[in-house]
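Take a look at the structure below.
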Amino acid sequence: MPNSKNEKLIVLVEKMPAFPKSVQQIVQLTSDINASAKDIVRVIECDPIMTVKILKAINSSFYGLPQKITSVQRAVVHIGLNTIKNIALGVAAMGMLSANNKANFNTSNFLLHSLTTAAISKLLAERIGLSSTECSDCFVAGLLHDFGKVVFAEFMPDEFKLALEKSQEQQLPLHQTELEFIGINHSQAGKILAEKWELSDPLIDAIAHHHDIDHNQNVLRDCVFAANQISKHMQFGNGGNPLIEAFPESIVIRFGANLSAMCDDLGDLESIKIEAQSFINV
Amino acid sequence: MKIKFWGVRGSIPTPGPNTVKYGGNTTCIEIRTNDNDLIILDAGTGIHALAQTLLKEMPIQAHIFITHTHWDHIQGLPFFIPIFIPNNQIKIYGGIDPVTNETINRALSVQLQYSFFPIREAQLNARIEYATVKPGEPVKVGSATITPIVLSHPVLNFGYRIDCDGQSVFFTGDYEPQLNIYDPEDDEYTEFQSFVDAKWDEVVLAMKDVDALIVDSSYTNEEYASKQGWGHGTYDSGIKLATAAKAKKLFFTHHEPTRSDASLEAIYQNLLQNNPATGFELLLAQEGVDISL
């Protein structure tokens with residue numbers, strides 16, 4: 001994709017609305033002076049678009065923070081809830097992401113997959129003993145890993161529709177058919193946006209390489225890769241990609257199990273699905 | 001370095017017999033370096049009285065650092081007389097608001113609109129400059145170095161540390177140390193607490209070993225119980241900060257608007273009794289008193 005097209009995409013994404021349920025809840029919670037802080041934070045951190053816009057605002061070089069802020073909770077601690085709430089309200093004022101897009105991309109299914117990948121990614125991070133900061137970063141990385149897809153659905157629906165259809169019909173990886181029809185796949189688009197928004201390097205890397213895990217060592221990306229496959233295996237939505245990738249050796253070594261053994265070991269993840277659904281259904 | 005408070009009141013000016021001693025103007029602090037460079041922290045109504053003293057020094061160079069853009073910290077700007085007089089140079093520093101993406105020039109331009117003020121921004125005769133400051137990036141004014149840090153308040157708020165001629169002052173602007181928003185039984189509690197602790201350490205480091213720490217201490221603990229999340233500190237949160245930072249003097253400011261001189265002094269006596277061995281001096285910010293560090 002030529003650079004001018006990338007620039008155009010970046011401008012368009014600025015005006016991208018968030019998911020209907022979170023918009024509705026933010027409007028409701030911010031008009032109640034007694035609304036609890038944790039309820040507000042929960043809504044924001046479960047919406048990829050609100051999350052990304054907050055991280056973008058906080059990490060902008062205008063503020064020049066010495067260290068990147070990688071989660072909504074840390075943003076709240078850093079600058080205070082009211083500023084975060086008002087950024088979210090600004091996003092809500094842009095309207096809601098339509099359930100029907102020209103690409104026929106199922107955005108509810110996408111959100112279910114993103115949220116369950118986020119929660120499982122965090123769970124995996126906890127199991128391998130990462131720090132609490134890294135665990136919360138894993139949630140964010142899982143939530144944002146497929147961000148490029150919803151951008152395609154919104155702004156390149158015709159090409160994305162063809163990519164989705166071919167992936168489905170021929171059981172090909174969606175990131176491969178995206179390359180064919182759009183010239184860039186969702187992880188590359190996600191990387192361009194994440195870099196533009198000055199997100200943290202591990203987060204950018206996890207988004208950029210969640211289908212390409214031989215790239216380099218990144219524990220965040222490994223958690224997202226594994227969680228992505230587990231979410232699809234458990235049928236918690238697939239974000240438009242019908243293929244489940246086996247755990248390559250590095251992932252098996254990292255988590256000490258292959259995909260099916262890991263799914264067995266994790267046991268019943270239904271509660272993760274139910275909680276995710278509570279942020280989706282209007 | 002010399003310090004003088006010109007406004008010590010929070011939220012709204014409170015003139016009248018009950019505030020005569022400590023003062024009823026909203027926030028404004030004058031700082032003078034040993035070379036007499038003029039640094040002003042915030043432009044509440046106190047800046048008007050400060051301006052009167054500057055008239056004999058014209059032309060002046062003033063560096064005004066705004067902690068945040070709530071009215072009580074900017075409402076004196078249009079009444080800072082030097083802005084109307086040619087040859088004065090006034091530089092106003094502040095952050096970019098992450099919600100509106102507006103820079104600090106808006107603090108003055110919003111007020112100088114037809115509906116709110118008779119004089120237009122274009123009619124100001126002084127040379128006025130605006131500068132965007134970033135957290136952790138020091139700014140030089142003469143021999144002074146001013147370093148901002150983000151401190152939690154309902155709008156973007158900078159605390160400023162001023163290091164100058166071997167001495168240092170830190171002013172919090174309006175600041176409520178972040179509390180854990182989760183309950184101990186919530187899964188998120190521990191993680192959030194680690195973020196709170198990390199930020200606390202960052203804040204303490206920013207004010208480490210200062211000669212004077214000036215804190216927003218709007219509330220008593222009893223008052224704070226019903227005012228959590230309003231964005232202000234307590235006397236005790238100020239003492240906790242000064243203790244951790246090993247400050248040498250602690251000034252309580254942003255006096256709550258209904259607080260009379262008498263009740264302020266009663267609180268102060270209690271604080272002295274309850275904190276007999278802090279290792280630093282506790283002081284109430286009082287308008288018009290010269291403080292040499």
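For the peptides B:8-16, B:106-114, residues were scored by their other Cβ atoms within 10 Å and the scores averaged per peptide; the highest-first order is B:8-16, B:106-114. For residue A:35, the amide hydrogen comes within under 5 Å of no other amide hydrogen, counting only partners 5 or more places away or on other chains and with H modelled in the peptide plane. Once label points are set 7 Å from the Cα along Cα→Cβ at both residue B:189 and residue A:127, what is their separation, rounded to one decimal in nm? For the pair residue B:189/residue A:127, the computed spacing is 2.6 nm. For residue B:91, the lysines whose Cα comes closer than 27 Å to its Cα, not counting residues fewer than 8 places off in the same chain, are B:2, B:4, B:56, B:134, B:140.
Sorting A:12-18, B:183-189 by their mean Cβ neighbour count within 10 Å, with the most densely packed peptide first, gives A:12-18, B:183-189.
A simple spin-label model places the labels of residue B:18 and residue A:233 6.8 nm from each other, with each point 7 Å out along Cα-to-Cβ. Over chain B, DSSP H runs of length four or greater, each weighted -39,500 (n - 2.57), average out per residue to a 222 nm ellipticity of -6500 deg cm²/dmol. Compared with the alpha-carbon gap, the fully stretched path from residue B:145 to residue B:228 is longer by 26.6 nm at 0.36 nm per residue.
The length gained on full extension between residue A:243 and residue A:176, counted as 0.36 nm times the residue separation minus their Cα-Cα distance, comes to 23.0 nm. Projecting label points 7 angstrom from Cα along Cα→Cβ for residue A:258 and residue B:221 puts them 6.1 nm apart.
Segment B:1-93 gives an Rg/Rh value of 0.96, both radii derived from C-alpha positions and Rh following Kirkwood.
Taking a Cβ cut-off of under 10 Å around residue A:200, the surrounding Lys, Arg, Asp and Glu residues balance to a net charge of -3, with basic ones at +1 and acidic ones at -1.
Which aspartates and glutamates, if any, have their Cα less than 13 Å from the Cα of residue B:248, not counting same-chain residues under 8 positions apart? Filter leaves B:209, B:211, B:281.
Using a Förster distance of 45 angstrom, determine the FRET efficiency expected from the C-beta separation of residue A:162 and residue B:122, and round it to 0.05. It comes out at approximately 0.20. Other residues within the sphere of radius under 11 Å centred on the Cβ of residue B:98, judged by their own Cβ, net out at 0 (K and R +1, D and E -1). Straight Cα distances below 16 angstrom link residue B:199 to the lysines A:68, B:208, B:240, with same-chain residues fewer than 8 positions distant left out.
Would you mind classifying segment A:17-92 by shape? Square roots of the alpha carbon gyration tensor eigenvalues, ordered a ≥ b ≥ c; an a/c under 1.5 is rounded, otherwise it is prolate if a/b is larger than b/c and oblate if not.
It is prolate, given that a/c is not under 1.5 and a/b is the larger ratio.
Given a Förster distance of 60 Å, report the FRET efficiency between residue A:216 and residue B:236 from their Cβ-Cβ distance, rounded to the nearest 0.05. Working from the Cβ atoms, E equals 0.80. Say R0 is 25 Å: what FRET efficiency, to the nearest 0.05, do residue B:114 and residue B:52 get from their beta-carbon distance? The computed FRET efficiency comes out at 0.40.
Laboratory data are not the source of any read-out in this text; all were calculated from the coordinates shown. Owing to the predicted nature of the structure, the values given are computational and were not obtained by experimental measurement. Heads up, the Cβs are rebuilt from the backbone with ideal geometry, glycines too, and the neighbour counts pull from every protein chain shown.
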